[in-house]
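This report concerns only the one structure given below.
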Amino acid sequence: MSPSEHSDKVMLKGLAFYGYHGVSPHEKAQGQRFIVDITLECDARAAGLSDDLADAVDYIPAYEIAKEIVEGESKDLIESVAGEIAGRILSELNVVGVTVAIKKPEVAIKGSILTYAGLEIHRRRE
């Protein structure tokens, strides 16, 4: 099966972290909550047959990568945060693709009423 034919996904939804990302001085100084969703594309057939974690994609390292990056060094753009998460996951985990969504539920937009502002990226192993 070629990497483009994988349709199995391991999902982590609603990971909440506190970080200091953003362009405005307020975002850098006060920080805010970030909600991260990660979808790992893989071939889960072997794990389904063996029932052995050694054959599966362990999602704990994906959580730890996201936590380290979101709670780590301040970045201006969530595009940078999402890109770093995706790049680390692709280089460290046995997956063929990853989707990372980052939501800012307390984003400050004067006069706005919204659930969140966010970004979703998808990256594949080359």
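The values are calculated or read from the model by the stated rules, or taken from the named source; none is laboratory data. Source: prediction; values computed, not measured. Glycine gets a Cβ as well: all are built from the backbone with ideal geometry, and neighbour counts include every protein chain shown. The protein model used for the area step is the full one, side chains on, heavy atoms only, and it has no ligands, DNA or RNA in it. Shrake-Rupley method; radii C 1.70, N 1.55, O 1.52, S 1.80 Å.
The table below gives the values:
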item	result
Square roots of five times the Cα gyration tensor eigenvalues for the stretch 30-104, Å	27, 11, 10
Cut-off under 5 Å, modelled amide H: who pairs with A117 long-range	K104, V107
Two-site label geometry, Y59 and E73: point separation in nm, points 7 Å out along Cα→Cβ	2.9 nm
Fraction of accessible area attributable to carbon and sulfur, the chain (%, probe 1.4 Å)	52 percent
Under 13 Å from K28, Cα to Cα: aspartates and glutamates that are on another chain or at least 8 residues apart	E71, E73, D76
GNM top mover of T115, T99, T39 - the chain, alpha-carbon springs below 10 Å	T115
Percent breakdown of C-alpha pair distances by 5 Å bin, ordered from the shortest bin, for the stretch 61-126	3, 16, 25, 23, 15, 9, 5, 2, 1
Listed residue (A62, I78, G48) projecting farthest to the positive dipole end of the stretch 25-79, Cβ model	I78
Quarter of Cα convex hull surface for the chain, i.e. mean projection, nm²	8.3 nm²
Volume per residue that the Cα convex hull of the stretch 1-70 spans, once the total is divided by residue count, Å³	100 Å³
Accessible area of the chain divided out per residue, in Å², using a probe of 1.4 angstrom	59 Å²
Radius 11 Å from Cβ of I69, net charge of other residues (Lys, Arg +1; Asp, Glu -1)	-2
For K104, net neighbour charge (Lys/Arg +1, Asp/Glu -1) across residues whose Cβ lies under 12 Å away	0
Charge dipole (debye, nearest 20) of the chain; +1 at Cβ of Lys and Arg, -1 at Cβ of Asp and Glu	620 debye
J(HN,Hα) series, the stretch 10-27, from Karplus relation 6.51 cos²θ - 1.76 cosθ + 1.60, nearest Hz, glycine and proline x	10, 10, 10, 10, x, 5, 10, 9, 10, x, 10, 9, x, 8, 6, x, 4, 5
